[in-house]
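The values are calculated or read from the model by the stated rules, or taken from the named source; none is laboratory data. Every value quoted in this text rests on a predicted model; they were computed, and no experiment measured them. Glycine also receives a Cβ, built like all others from the backbone with ideal geometry; neighbour counts cover every protein chain displayed. Only protein heavy atoms, including side chains, enter the accessible area calculation; ligands, DNA and RNA are left aside. Shrake-Rupley method; radii C 1.70, N 1.55, O 1.52, S 1.80 Å.
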Amino acid sequence: MCCNSKRRFLLLYATQKGQAKAIAEEIWQQAGTHGLEADMHCISEMDKYNLETEKDPVVIVISTTGTGDPPDTARKFVKKIQDSTLPPDHFAHLQYGLLGLGDSEYMFFCNGGKTVDRRLQELGAQHFYDTGLADDCVGLELVVDPWIDGLWLALKEALLLQKEKEGMNNVVDAVTSSLSPAPHVVHELNLSSEVQNLKLEDEGAKSSDVLSQKVDDINLVTPARNTEPSLVNSIPPLSQSALNIPALPPEYIEVQFQGTHGENPHLSSLISEETTFEVPVTKAVQLTREDAIKTALLLELDISDTVFDYQPGDAFCVICPNNANEVEELLHILGLSEKGDDFVCIKVKQGTRKKEHLPKLQARSYSVSSSNLYQPGRLCFVFNIVEFPACPARPVSRKGVCTGWLAELVSPLLHPNKNTLDTKGESFSTEKISIFPRPNNTFHLPADPSVPFMMVGPGTGISPFIGFLQHRQKLREQHTDWEFGETWLFFGCRHQDRDYLFKDELRCFLENGTLTHLKVCFSRDSSTAEVAPPKYVQDIIRLYAKEVARVLLEEKGYFYICGDKKHMADGVSDAVVEILSMEMEADRLEAMKILAMLREEKRYLQDVWS
Ligand code: NAP
């Protein structure tokens, strides 16, 4: 896809689930009709392009994954540009335009794109076109389509300037021939037809709020130029109002029924390009009592016949189907009940510009809760069965797609007397699930076993730490001559006798010395003590301020947090900042800088989920 034409630009995409790639391909295709040629590469193919010497404009399409991380394919690139020894003019020669993809339901919206954008700016690179941030929550196309529409003029202008810079005025004609008379790049956005045609009930101010918000959603990062709200520009307070009516996408696919005969493509081949393994579920255990507020299950998988490998701290993904009842209900609503077993051929309608046609069925990711050293050939994980209670918008309560499906699948293992028993009276299962690895780069045990570490994992956040402790126990058995640092676990749940996960296992780890300190709190057990006991993990952590400071600052130890991001992990970080500030007699800002340094050194590590 490379070319040496003077109208060349470099097109890089960083994709996690294929959307950024699809959009880059759209740009690549459209480039031809604008007399331009894109040299397109995945951002990970660092041997195929060189930003250090790149003279042509660069277009970057980048998505966001996890809790605001750049996609896995961009990890190396980001690491490279984040090298703190790079001078501030490192990319002074570079002109670029960036399109970030994200989902505003997540706290760090478009953070993958924002991280790269910010760093390129710090290194002196120049925008030739305003950054676009597209929101999957309202429909990526609301930003993507107008952003691509405006890109061509901006690119031509950038190429023109580049030629002028090079003193090659004689070749400018070729480029300018298709330019409009506008003397500068105009970044006005063309509203996508969906937005223009958005039909809403005439509700006065409410409707105009909706329209303005839609428009605001498609605004680029630079502030609106006009001070009057209009269909092209929105200004506060309208632009800040929280609205959530998604635009209806135009029809873009064609469905043909092909009867019940045909080739049945394997589910995983349809929904994942990654290395997928189909493995049997060998054990299912309910970790919580019947009267616990949440039901936590542990599942054990047999991976011995596969090359699947993991380290404690890694995650992996489970591929799940849609809920069969919901599929039937939907078919019924669509009047297609008869066609439930038919194969369908789905084609993209001619002339559609939508590129992310059918988002892949998303696999669900879980932290591994075992050690391959402790249980060779086995992989365990823990999850709560997520329940969405009935409410006015949802007349019938429902379970989470994957956890609900898994719970049903393993029900014969959980309730053996109701189901098949083998000759020894043990329950067995022939159920298999499809999984693929999602390794974590940093959330692993310290490489040096003599270094102390602290783990914080309330609720199912304890999951990876069981793997850590199992691993550690084995290492201690196998290497009696090694020195092992102290280990701390802060755990919290609601009731001591209902949802204290892995209570017996933790006691064993404590007794055999694998775990040095176990600190547990119960948020809903009543107490008769004069002083109220700590409620949350951060409350117990505060009680051990001196030890936290010693482990982190004097002994260069590690601090791991796993669990809920929005509340728990931020609460724990606040507690650690307080501790650092108190123990070092530093102000809050100074303490925050130390925490940032610990994060940078990968000694304060989080595996957190929103
Ligand atoms: P949970 O049962 O909802 O809560 C565990 C304990 O945390 C309860 O005692 C709860 O107290 C308390 N808590 C509530 N708000 C808190 C706050 N602001 N600070 C500290 N503690 C607080 O926990 P869970 O549902 O298991 O949630 C764990 C989280 O870990 C989920 O977000 C999950 O997605 C994530 N996670 C799961 C895995 C996995 O592999 N399954 C891996 C990593 C992370 P009260 O409710 O009484 O207030």
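Residue-by-condition table, conditions (1) closer than 27 Å to T442 by Cβ; (2) of a type in the set (D, E, K, R); (3) at pLDDT 95 or above:
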residue	(1), (2), (3)
L36	no, no, no
M40	no, no, yes
I43	yes, no, yes
N50	no, no, yes
F77	yes, no, yes
Residues of the range 506-526 being within 16 Å of the ligand (Cβ to nearest atom) and open to solvent by 60 Å² or more (accessible area, probe 1.4 Å), in sequence order, are R524, S526
Per the filter on the range 527-551, residues more than 16 Å from the ligand (Cβ to nearest atom), among the charged types (D, E, K, R) and surrounded by fewer than 17 Cβ atoms within 10 Å (Cβ to Cβ) are E530, K546, R550
On the given criteria, is K355 modelled with pLDDT under 80, crowded, with 19+ Cβ neighbours inside 10 Å and under 28 Å from V144 (Cβ atoms)?
yes
Before we move on, is G485 within 16 Å of the ligand (Cβ to nearest atom) and in contact (Cβ under 8 Å) with a residue 40 or more places away in the chain?
no
Output for Cβ contacts, cut-off 8 Å, separation at least six or different chains, first residue in contact (Cβ under 8 Å) with a residue 60 or more places away in the chain in the range 499-512, second within 14 Å of the ligand (Cβ to nearest atom) and in a helix (DSSP H, G or I), reads D499/G459; L501/G459; L501/T460; L501/I462; F502/I462; F502/I466
Of the residues in the range 596-610, those that are away from the ligand (no atom under 16 Å from the Cβ), of a type outside the set (K, R) and surrounded by fewer than 18 Cβ atoms within 10 Å (Cβ to Cβ) come to A596, M597, E600, E601
Those residues of the range 358-398 which are aliphatic (A, V, I, L, M), at pLDDT 95 or above and within 23 Å of S411 (Cα to Cα) amount to V368, L379, V382
When the range 362-395 is checked residue by residue, the ones that are within 20 Å of K294 (Cβ to Cβ) and away from the ligand (no atom under 12 Å from the Cβ) are F388, P389, A390, C391, R394
Listed by first then second residue, the pairs whose first member lies in the range 561-583 and is at negative phi and near the ligand (Cβ under 8 Å from one of its atoms), whose partner is part of a helix (DSSP H, G or I) and at pLDDT 95 or above, with beta carbons under 6 Å and at least 6 positions apart or on separate chains, are C562/G461; C562/P464; G571/Q538; V572/Q538
Of E600, E578, the only residue that is among the acidic types (D, E) and either at pLDDT 95 or above or in contact with a Gly (Cβ under 7 Å, 6 or more places away or on another chain) (or both) is E578
So C345, is it within 16 Å of the ligand (Cβ to nearest atom), of a type outside the set (G, A, S) and touching a residue at least 24 places away in the same chain (Cβ under 8 Å): no
Subset of the range 545-572, residues of a type in the set (A, V, I, L, M, F, W, C) and in a helix (DSSP H, G or I), comes to A545, V548, A549, V551, L552, L553, M568, A569, V572
For the range 573-610, the count of residues that are polar (S, T, N, Q) and assigned to a strand (DSSP E or B) equals 1
Within the range 476-499, residues open to solvent by 20 Å² or more (accessible area, probe 1.4 Å) and over 32 Å from the mean Cα position of the chain (by Cα) come out as R476, E477, Q478, H479, T480, D481, W482, E483, F484, E486, Q496, D497
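The rows are residues; the columns are (1) in contact with a strand residue (DSSP E or B) (Cβ under 6 Å, 6 or more places away or on another chain); (2) within 30 Å of K602 (Cα to Cα).
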{"site": "W28", "(1), (2)": "yes, no"}
{"site": "M40", "(1), (2)": "yes, no"}
{"site": "N50", "(1), (2)": "no, yes"}
{"site": "G66", "(1), (2)": "no, yes"}
{"site": "A74", "(1), (2)": "yes, yes"}
{"site": "Q82", "(1), (2)": "no, yes"}
{"site": "T85", "(1), (2)": "no, yes"}
{"site": "L99", "(1), (2)": "yes, yes"}
Practice task
Tell me, yes or no, whether the range 291-307 has at least one residue that is open to solvent by 40 Å² or more (accessible area, probe 1.4 Å) and either closer than 17 Å to S365 by Cα or in contact with a Pro (Cβ under 6 Å, 6 or more places away or on another chain) (or both).
Solution key: no
With the first residue restricted to the range 28-54 and required to be farther than 11 Å from L12 by Cβ, and the second required to be surrounded by 18 or more Cβ atoms within 10 Å (Cβ to Cβ) and among the acidic types (D, E), Cβ contacts under 8 Å at 6 or more apart or on different chains are A31/E37
* To do: Kindly check whether there is at least one residue in the range 460-482 that is in a loop (DSSP other than H, G, I, E, B), outside the structural domain of T295 (by TED's automatic domain parsing) and in contact (Cβ under 8 Å) with a residue 60 or more places away in the chain.
  => no
Screening S104, S84 for residues that are free of Cβ contacts under 8 Å to residues at least 24 places away in the same chain and over 20 Å from T53 (Cβ atoms) leaves only S84
Those residues of the range 443-469 which are within 15 Å of the ligand (Cβ to nearest atom), touching an Asp or Glu at 6+ places or on another chain (Cβ under 9 Å) and open to solvent by 10 Å² or more (accessible area, probe 1.4 Å) amount to H444, P458, G459
